[in-house]
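Visitor: Here's a structure for you.
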Amino acid sequence: MVPGFFWGLVLIFIGVAIIFRVVFDVNLIRIILAVLIILFGIRILVGKGWMPEHSKKEHDTLFSDHIYNQIPKENTEYNVVFGKSVYDFTGQDSILHETVRIKINVVFGAAIIKINPDMPVRIKSEAVFGGSRMPDGNTVAFGSIGYSTRSYSENSPHLYIESDVVFGGIEMVDR
């Protein structure tokens, strides 16, 4: 049954492509091929499937907006693809009992990270064809940048945020 369904879809697709080519002078095959290449590239960048219902995990923001209000208790990775996320860590207690590592990846999207200036925080951000702005006003569009709060000490528990941005933007704010 599956091979018959598949070949039926192929024949319908070929017929629709011929109609689009003759009536609208649009090469539908080239358009669909281009979209498939773009989606395949997104899959490579994200490292998993591109459809939200198949690949979305708890900390992924795909084609939507999301707000996170807590520092995770363990090392966590967040992904933002074609969306926007706000990470508000300002309401948290400024005393950490262990170092927590957070990785935030942004591809064709935006992220705003709000931190408490009294909390020990270290930030490292890398940008490729994107923008990353630190609380002190420093920015990078291509390369890496770092920032640490006044209370940060390498040997004491702290919040470590590593961010990568490709064709998007990340803004770190201390409030």
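Visitor: Exactly one of (1) hydrophobic (A, V, I, L, M, F, W, C); (2) closer than 15 Å to Ile170 by Cα; (3) touching a residue at least 60 places away in the same chain (Cβ under 8 Å) is unmet by Ile71. Its number?
Guide: (2)
Visitor: I'd like to know if the stretch 122-136 contains one or more residues that are assigned to a strand (DSSP E or B), surrounded by 20 or more Cβ atoms within 10 Å (Cβ to Cβ) and of a type in the set (Val, Ile, Thr).
Guide: yes
Visitor: I've got another one for you. Looking only at residues in the stretch 142-174 that are touching a Pro at 6+ places or on another chain (Cβ under 6 Å) and part of a loop (DSSP other than H, G, I, E, B), which one is farthest from Glu98 (Cα to Cα)?
Guide: Here the answer is Thr149.
Visitor: On the basis of being outside the structural domain of Ile38 (by TED's automatic domain parsing), surrounded by 20 or more Cβ atoms within 10 Å (Cβ to Cβ) and either free of Cβ contacts under 8 Å to residues at least 24 places away in the same chain or of a type outside the set (A, V, I, L, M, F, W, C) (or both), does Ser85 make the cut?
Guide: So Ser85 fits the description; yes.
Visitor: Something else about it: What residue, among those in the stretch 81-99 that are touching a Ser or Thr at 6+ places or on another chain (Cβ under 8 Å) and assigned to a loop (DSSP other than H, G, I, E, B), is modelled with the lowest pLDDT?
Guide: Only one residue tops the list, namely Ser94.
The values are calculated or read from the model by the stated rules, or taken from the named source; none is laboratory data. Because the structure is predicted, anything quoted here is derived from the model rather than measured. Here the Cβ is made from the backbone with ideal geometry for all residues, glycine too, and neighbour counts use every protein chain on show.
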